[in-house]
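The values are calculated or read from the model by the stated rules, or taken from the named source; none is laboratory data. None of the values given here were measured: they were computed from a predicted structure. Ideal geometry is used to build each Cβ from the backbone, glycine not excepted, and the neighbour counts take in all protein chains shown. Heads up: the accessible areas ignore ligands, DNA and RNA and are worked out on the full protein's heavy atoms, side chains in. Shrake-Rupley method; radii C 1.70, N 1.55, O 1.52, S 1.80 Å.
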Amino acid sequence: MIVLAVASVAIISVHLWSRYAADDAVGNLTKPFLMPMLYGTMFASASAFGIRISEPWLIAAAAVLYTAGDILLIPKDRPASFIIGAVSFMAGHMCYVAYFVRRSFSLPFLIAGIAIAAVPFAAYMAKVIRKGPDAAWTFALYGAAIWVLFSGVVASFSSYDPLYGIVALVGVIFFGYSDSRIAYNIVKHRSTSDFEIMWTYIAANLFLAASVLLVNS
């Protein structure tokens with residue numbers, strides 16, 4: 001577990017350095033290993049500390065889908081690859097939604113989550129539409145996936161064990177930030193560096209993985 005954790009930190013560090021240094025060759029080479037190493041460390045940690053993760057296939061599926069999305073988003077000039085990659089990320093988000101709501105579900109919390117997430121989603125879409133992209137619906141669809149992920153995590157909140165829900169929610173917020181910056185870069189609303197996008201994306205998965213360990217502890 002320790003060896004895997006050290007290797008994971010090393011891969012993430014090298015990748016983030018490459019993004020900070022604008023070294024696309026190293027960044028593209030290390031990107032496909034980020035999620036396998038991160039989630040591999042999560043599963044190894046669970047085994048080392050005697051934590052039995054319920055329905056691990058859902059988390060493993062999310063990790064595979066995020067990895068596929070990472071690979072598909074490497075090319076900068078292939079719209080079809082970008083769209084398929086976005087769909088892969090959306091499917092990964094739905095795996096997390098399924099995982100948490102199968103653990104705990106509250107209709108009032110779901111309604112609250114939908115209402116709260118509507119505000120940033122509306123602000124996000126206003127910025128995208130203001131730039132007039134021809135395919136605004138694709139940005140709306142992906143933004144809706146983050147909305148569903150946020151609402152699903154809120155719906156799974158338990159007053160008996162709120163910590164895992166809070167940690168997961170922090171992860172979702174990081175995801176929303178990272179993904180919205182990709183969209184803003186595409187529509188030229190604002191410019192965000194690859195370094196900022198990637199460290200917030202990695203943070204999102206770290207918090208989500210941590211929440212899985214907490215909910216099964």
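A compact table of results
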item: Whichever residue in region 69-106 is hydrophobic (A, V, I, L, M, F, W, C) and not in a helix (DSSP H, G or I) and, among such residues, is farthest from Asn216 (Cα to Cα); result: Ile74
item: Subset tally (residues that are open to solvent by 40 Å² or more (accessible area, probe 1.4 Å) and in a loop (DSSP other than H, G, I, E, B)) for region 173-217; result: 6
item: Phe43 vs. criteria among the aromatic types (Phe, Trp, Tyr) and closer than 18 Å to Ile197 by Cβ; result: no
item: Single residue of Ala155, Ala115 found to be buried (at least 21 other Cβ atoms within 10 Å of the Cβ), at pLDDT 90 or above and of a type in the set (A, V, I, L, M, F, W, C); result: Ala155
item: Test: Phe105 is within 17 Å of the chain's Cα centre (by Cα) and not hydroxyl-bearing (Ser, Thr, Tyr); result: no
item: Qualifying residue in region 51-62 (condition: among the polar types (S, T, N, Q) and free of Cβ contacts under 8 Å to residues at least 60 places away in the same chain); result: no
item: Total residues in region 166-217, condition touching a residue at least 40 places away in the same chain (Cβ under 8 Å), over 20 Å from Thr138 (Cβ atoms) and within 15 Å of the chain's Cα centre (by Cα); result: 14
item: Scope region 14-27; condition open to solvent by 50 Å² or more (accessible area, probe 1.4 Å), part of a helix (DSSP H, G or I) and touching a residue at least 60 places away in the same chain (Cβ under 8 Å); matching residues; result: Tyr20
item: Options Val101, Val87; residue that is farther than 20 Å from Lys31 by Cβ and hydrophobic (A, V, I, L, M, F, W, C); result: Val101
item: Residue count, region 131-165 (criterion: under 22 Å from Asp70 (Cβ atoms) and without any contact (Cβ under 8 Å) to a residue 24 or more places away in the chain); result: 2
item: Check on Leu38, of a type in the set (A, V, I, L, M) and over 15 Å from Ala210 (Cβ atoms); result: no
item: Qualifying residue in region 119-142 (condition: at pLDDT 90 or above, open to solvent by 20 Å² or more (accessible area, probe 1.4 Å), closer than 21 Å to Trp199 by Cα and hydrophobic (A, V, I, L, M, F, W, C)); result: no
item: Candidate set from region 37-68 (those that are of a type outside the set (Val, Ile, Thr) and in a loop (DSSP other than H, G, I, E, B)); member that is surrounded by the most Cβ atoms within 10 Å (Cβ to Cβ); result: Glu55
item: Of the criteria (1) in contact (Cβ under 8 Å) with a residue 24 or more places away in the chain; (2) surrounded by 19 or more Cβ atoms within 10 Å (Cβ to Cβ), which one Thr30 fails; result: (1)
